[in-house]
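*Asks:* There's a structure below that I have some questions on.
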Amino acid sequence: MCKMKSLLLVLTSLFILVYVTGMTEKQMWAAVKLARNTCQNKHKASTADIYKMHQGDWNVDHSAMCYMHCALNMYKLMYPNNTFNLEASMKQTPQLPDSFRQSAETCIFNCKDEAKTLDDKCVAAYELTKCMYFCNPEKYFLP
Ligand SMILES: *[C@@H]1O[C@H](CO)[C@@H](O)[C@H](O)[C@H]1NC(C)=O
């Protein structure tokens with residue numbers, strides 16, 4: 001009981017820390033890694049394709065596009081009609097580390113309307129995330 005209470009206290013403090021002051025870069029990359037593992041397992045995107053996207057080569061399989069949809073969906077960043085959920089994304093940018101926040105906000109505004117192939121959620125997510133990458137490759141933080 002006492003153990004549970006202290007665990008709860010630790011978790012609550014962590015939650016407050018992340019939400020009020022934002023994540024550290026280390027915390028952010030840990031979250032990115034978690035999303036990568038989850039979404040790669042789910043969609044069988046190849047490690048080669050995931051690597052390619054991070055190098056600026058977005059000529060990838062459909063499974064890699066579904067991987068990107070999974071990543072966005074994990075943070076509820078897409079509406080059921082496969083457009084970008086700007087509101088949800090703006091609620092989450094304050095949690096980003098200082099060094100990523102400004103670029104993320106700028107790129108989100110640049111890319112928010114890039115989902116064009118709305119009858120395929122994977123392609124729509126790919127269009128959005130590809131734009132996010134090329135908006136600022138140095139500050140790309142998607143999995
Ligand atoms: C998609 O859904 C959102 C939220 O319901 C809405 O604001 C937006 O206009 C819709 N876009 C299209 C293209 O249907």
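*Asks:* For the stretch 102-132, what are the residues that are more than 18 Å from residue 73 (Cβ to Cβ) and open to solvent by less than 60 Å² (accessible area, probe 1.4 Å)?
*Replies:* 103, 105, 107
*Asks:* I would also like to ask the following. Quick one: which of 86, 96 is touching a residue at least 24 places away in the same chain (Cβ under 8 Å) and surrounded by 19 or more Cβ atoms within 10 Å (Cβ to Cβ)?
*Replies:* 96
*Asks:* Further, regarding this structure: Have a look at 82, 110, 59 and point out the one that is within 16 Å of the ligand (Cβ to nearest atom) and polar (S, T, N, Q).
*Replies:* From the options 82, 110, 59, the qualifying one is 82.
*Asks:* Further question: Quick test of your reading of the structure: residue 95 fulfils all but one of (1) within 17 Å of residue 33 (Cα to Cα); (2) within 16 Å of the ligand (Cβ to nearest atom). Name the failing condition by number.
*Replies:* Condition not satisfied by residue 95: (2).
*Asks:* Scan the stretch 64-83 residue by residue and report those that are under 14 Å from residue 142 (Cβ atoms) and without any contact (Cβ under 8 Å) to a residue 12 or more places away in the chain.
*Replies:* none
The values are calculated or read from the model by the stated rules, or taken from the named source; none is laboratory data. Every value quoted in this text rests on a predicted model; they were computed, and no experiment measured them. Every residue, glycine as well, gets a Cβ built from its backbone with ideal geometry; the counts of neighbours run over all protein chains shown. Please note that ligands, DNA and RNA were not included when accessible areas were found on the heavy atoms of the full protein model with its side chains. Shrake-Rupley method; radii C 1.70, N 1.55, O 1.52, S 1.80 Å.
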